[in-house]
Amino acid sequence: MNPTIAYITFRGMLGRRRALLLFLLPAVLLLLSIGLRVTGNSDLDTSAALLTQFGLGALLPLLALLAGTGVIAPEIDDGQIMYLMTKPIARPVISTTKFLVAVALVVGFGVVPIFISGVIMNGMTAGLPTGFALGSLVGGIAYCALFIAIAVISRFAVTIGLIYALVWENLLARYAPGARTLSIRQWAISITDLGTNATAVTSEVGETTAVSLLIILSVLGVLFAGWKLRTLSVTGAD
């Protein structure tokens, strides 16, 4: 990891308009959680449903998409990445640093709010906040690896990411059993199930399969991004 690149990337991400979305999405989750608690509707099943459908199903992938593509795609599009690539810095170091910044943003704006939301609604009952924090962490890492890999090969990374998150995971994976195996959301739910006793949290992907696929995707995504930067022409973006 390169501290200078990390600092520049953090500053760029938090200084852009998209930073407003980083704050808006978790704020909506927290407001919903407070509303359920105040109205007395924060039973365990309802809380698990909110954290599953909104937390893991919308907040997490959208935040990871903003972070995973935002840390590198704009620099590739406007050519600023070439400045870094002419420096004596290994290109895998560049991609790994960008990836770690994306993960840090997802943790700060996704994992932590999801944990706090669980505490607001049910305290530490059934380990709900801990389970969802664990699931969102590993899911967020995998999402960031996937989206940063897409960002280095396509100018339409955001569109492709939205298709995966909204169409594949929320439509096809819901009705096509085979597609669920390739759903990061399902993998995250499976890990969540390991950390909580809430019966409402169930995944159709086994824990062993989920852990294996999460590790494979996370590692391959980062390695691919580094390899792609090695092949990127210094005269312009592909």
Kindly indicate whether THR202 is surrounded by fewer than 16 Cβ atoms within 10 Å (Cβ to Cβ) and in contact with an Asp or Glu (Cβ under 9 Å, 6 or more places away or on another chain).
yes
Any residue at all in segment 131-140 that's modelled with pLDDT of 95 or more, over 25 Å from LEU171 (Cβ atoms) and out of contact with any helix residue (DSSP H, G or I) (no Cβ under 6 Å at 6 or more places or on another chain)?
no
Out of segment 163-176, which residues are of a type in the set (A, V, I, L, M, F, W, C), surrounded by fewer than 16 Cβ atoms within 10 Å (Cβ to Cβ) and at pLDDT below 90?
LEU166, VAL167, LEU171, LEU172, ALA176
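Look at ASP78 and say whether it is at pLDDT 80 or above, surrounded by fewer than 23 Cβ atoms within 10 Å (Cβ to Cβ) and among the charged types (D, E, K, R).
On the way: at pLDDT 80 or above: no; surrounded by fewer than 23 Cβ atoms within 10 Å (Cβ to Cβ): yes; among the charged types (D, E, K, R): yes.
For ASP78, the condition - at pLDDT 80 or above, surrounded by fewer than 23 Cβ atoms within 10 Å (Cβ to Cβ) and among the charged types (D, E, K, R) - is not met.
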Could you list, in sequence order, the residues of segment 9-20 that are of a type in the set (A, V, I, L, M, F, W, C) and more than 14 Å from ALA102 (Cβ to Cβ)?
LEU20
Only one of TYR143, TYR164 that is of a type outside the set (A, V, I, L, M), assigned to a helix (DSSP H, G or I) and farther than 21 Å from ALA6 by Cα:
TYR164
State yes or no: is THR96 under 21 Å from ILE153 (Cβ atoms) and part of a helix (DSSP H, G or I)?
yes
If the requirement is being in contact with a helix residue (DSSP H, G or I) (Cβ under 9 Å, 6 or more places away or on another chain), in contact (Cβ under 8 Å) with a residue 24 or more places away in the chain and over 23 Å from ILE160 (Cβ atoms), which of these qualifies: LEU50, LEU65?
LEU50
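Going residue by residue through segment 207-216, is there one that turns out to be farther than 27 Å from ILE94 by Cα and crowded, with 21+ Cβ neighbours inside 10 Å?
Yes, some residue in segment 207-216 is farther than 27 Å from ILE94 by Cα and crowded, with 21+ Cβ neighbours inside 10 Å.
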Restricting segment 38-86 to residues that are assigned to a helix (DSSP H, G or I), closer than 15 Å to PHE156 by Cα and of a type in the set (Val, Ile, Thr), the residue that is farthest from the chain's Cα centre (by Cα):
ILE76
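The values are calculated or read from the model by the stated rules, or taken from the named source; none is laboratory data. What you see is a predicted model; the values in this text were computed from it and never measured. FYI the Cβ positions are ideal-geometry reconstructions off the backbone, even for glycines, and counts take in every protein chain you see.
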